[in-house]
Amino acid sequence: MGDTRRSQTISAEGRKTVKQTPHETGRSSSGEGGPPLLVGETSFAGIKMLAMKNPEMVFTSLAHRIDLSLLSKAFSEIKRNDSTGVDEVTARKYAGNLDENLYNLHQRLLRGQYVATPVKRVWIEKEGGKKRPIGIPVLEDKIVQKAVCIILDPIFDVNFHSFSHGFRKEYGQQTALKELRKQCIDLNINWIVDADVSEYFGNIDHLHLKEAIKKRVNDGGILRLIGKWLNAGVMEAGMVTYPEKGTTQGGVISPLLANIFLHNVLDDWYVKEIKPQLMGRNFIIRFADDFIIGCELKSDAERLMKILPERFKEFGLTLHPEKTKLVPFIKPPKSKKSGKGSGTFDFLGFTFYWSRTRQGYWIINKKTIGKRLSLYLRGLWKWCKKNRHLPLKVQHLKLHQKLRGYYQYFGVRGNYYALRVVFKYAEKSWRFWLSRRSHKGYISWEKFATIRAKFPLPIPRIVHNI
């Protein structure tokens with residue numbers, strides 16, 4: 001992996017700190033009459049304390065912490081759905097003989113015989129008729145990746161900035177949306193740098209990524225595992241290819257690697273080098289590879305538009321020339337009695353714009369992106385068509401889940417109209433395709449009312465007051 005600066009693994013004082021760290025779940029030690037502490041859990045708490053106490057410390061001895069206890073915990077935390085990798089092994093089948101399977105996996109890790117399996121690639125539809133590649137690793141790769149994430153998360157999370165909201169505990173899309181709106185109002189933001197990284201996950205440079213990881217973790221075992229996953233290859237239509245750059249979007253460890261890489265490329269650079277040079281107030285909000293920079297002064301925004309492409313180019317990334325734009329987002333004057341503000345921008349599925357309240361105040365509002373709404377409606381129509389022959393009870397359950405999931409994310413203040421459109425379209429699609437289950441199966445709206453009374457769909461509601 002090449003030579004790099006090293007530090008002590010954990011000092012004697014650090015080991016003492018680990019030993020004395022209270023258990024995260026609050027259980028007492030066996031000496032106090034309670035069940036014994038788990039060594040692995042206590043060690044991770046100690047690692048987190050050391051990382052917080054020494055933000056520049058380089059950890060060089062971590063791989064040995066991947067034991068049976070950690071693998072079992074990783075298996076319990078991964079999403080155990082029916083999707084399978086190239087080996088077609090499901091989580092249910094693997095759990096049938098879990099202890100033996102995890103023991104064999106642990107032995108292969110100890111002996112250095114663990115081999116990463118190529119990732120199965122599938123394509124999902126995006127707005128605009130495009131498709132996005134998603135990778136599905138085999139189950140054992142997911143388990144080991146999750147175990148490594150459990151070890152690395154507390155180390156790198158200490159260094160991540162508060163404006164990085166993607167794939168972190170106590171952070172999420174809703175916290176990013178709330179913070180974005182608040183910063184625009186508090187800092188009197190007039191200009192928005194709306195940036196889009198072209199195919200970010202597929203263009204991450206492996207060498208730069210490893211160098212970013214080594215700034216905090218320089219353990220050969222961990223780096224070899226990450227290297228195996230980066231070079232495992234991609235299987236599509238029976239053919240295996242080996243990309244020279246990029247991480248598999250959809251892999252368990254990919255979000256963490258993406259955060260580490262952009263923290264080095266963008267976040268730290270912006271905070272330490274760019275922000276002190278800007279003349280007006282400004283902010284940045286990032287969720288994974290999506291980020292927004294707000295500026296009070298146009299000169300600051302124009303400067304960022306010039307230097308951002310150069311910065312990303314240094315690390316093998318490019319900003320989309322058409323989707324990356326400078327948007328005027330100036331609060332309309334009080335004299336303007338109606339209409340909307342000067343510009344709009346999109347972030348995390350929402351379009352942000354200035355609108356006037358009934359009381360006459362100008363506020364920043366949000367609504368579902370038009371293309372995103374159209375894509376979801378087409379998905380509802382296709383699902384009702386494909387599954388129209390299932391029992392009504394099954395169809396109702398699935399549609400109920402789909403609508404609840406939509407309300408849970410897009411149910412924000414000011415976006416009720418989009419929720420209402422989705423609800424009405426779901427009823428329309430369901431009735432239409434139930435009527436075509438057979439040539440005698442036409443269902444009028446009157447007859448559908450009895451079905452709707454027995455199997456009601458969830459009504460739209462605002463979930464988030466942001």
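The values are calculated or read from the model by the stated rules, or taken from the named source; none is laboratory data. Predicted model only: the values in this text are computed from it and were never measured. Reconstructed Cβ throughout: ideal geometry from the backbone, glycine too, with neighbour counts over all protein chains shown. Remember, those area values only see protein heavy atoms, side chains included, never the ligands or the DNA or RNA. Shrake-Rupley method; radii C 1.70, N 1.55, O 1.52, S 1.80 Å.
Hey, any hits in segment 169-179 for a residue that's more than 30 Å from Tyr361 (Cβ to Cβ) and either of a type outside the set (D, E, K, R) or at pLDDT below 95 (or both)? Outline the logic, then answer.
Quick first cut of segment 169-179, residues more than 30 Å from Tyr361 (Cβ to Cβ) only: 169-170.
Checking the rest, the ones that are also either of a type outside the set (D, E, K, R) or at pLDDT below 95 (or both) come to 169-170.
Scanning segment 169-179, I find at least one residue that is more than 30 Å from Tyr361 (Cβ to Cβ) and either of a type outside the set (D, E, K, R) or at pLDDT below 95 (or both), so the answer is yes.
Against the list (1) within 30 Å of Phe261 (Cα to Cα); (2) touching a residue at least 40 places away in the same chain (Cβ under 8 Å), the condition Ile364 fails is (1). Looking at His161, His165, which is the one that is of a type outside the set (S, T, N, Q), surrounded by fewer than 17 Cβ atoms within 10 Å (Cβ to Cβ) and modelled with pLDDT of 95 or more? That would be His161, the only listed residue that is of a type outside the set (S, T, N, Q), surrounded by fewer than 17 Cβ atoms within 10 Å (Cβ to Cβ) and modelled with pLDDT of 95 or more. Among the candidates Arg388, Arg431, Arg436, the residue that is assigned to a helix (DSSP H, G or I) and out of contact with any strand residue (DSSP E or B) (no Cβ under 6 Å at 6 or more places or on another chain) is uniquely Arg431.
Filtering Met57, Met1 for residues that are assigned to a loop (DSSP other than H, G, I, E, B), modelled with pLDDT of 85 or more and touching a Leu at 6+ places or on another chain (Cβ under 8 Å) leaves a single hit, Met57.
Being in contact with a Phe, Trp or Tyr (Cβ under 7 Å, 6 or more places away or on another chain), on the phi < 0 side of the Ramachandran plot and not in a strand (DSSP E or B) is the requirement here; does Ala232 meet it? Steps first, answer last, please.
Values: in contact with a Phe, Trp or Tyr (Cβ under 7 Å, 6 or more places away or on another chain): no; on the phi < 0 side of the Ramachandran plot: yes; not in a strand (DSSP E or B): yes.
It is false that Ala232 is in contact with a Phe, Trp or Tyr (Cβ under 7 Å, 6 or more places away or on another chain), on the phi < 0 side of the Ramachandran plot and not in a strand (DSSP E or B).
Among the residues of segment 323-356, those that are farther than 18 Å from Gly294 by Cα and at pLDDT below 85 comprise Pro333, Lys334, Ser335, Lys336, Lys337, Ser338, Gly339, Lys340.
Summed over segment 391-419, residues that are open to solvent by less than 90 Å² (accessible area, probe 1.4 Å), outside any helix (DSSP H, G or I) and in contact (Cβ under 8 Å) with a residue 12 or more places away in the chain total 4.
Which is touching a Ser or Thr at 6+ places or on another chain (Cβ under 8 Å), within 30 Å of Cys149 (Cα to Cα) and buried (at least 21 other Cβ atoms within 10 Å of the Cβ), of Leu257, Leu266? Result of the check over Leu257, Leu266: Leu257.
Of all residues in segment 379-389, none satisfies being within 25 Å of the chain's Cα centre (by Cα), surrounded by fewer than 17 Cβ atoms within 10 Å (Cβ to Cβ), at pLDDT 95 or above and on the phi < 0 side of the Ramachandran plot.
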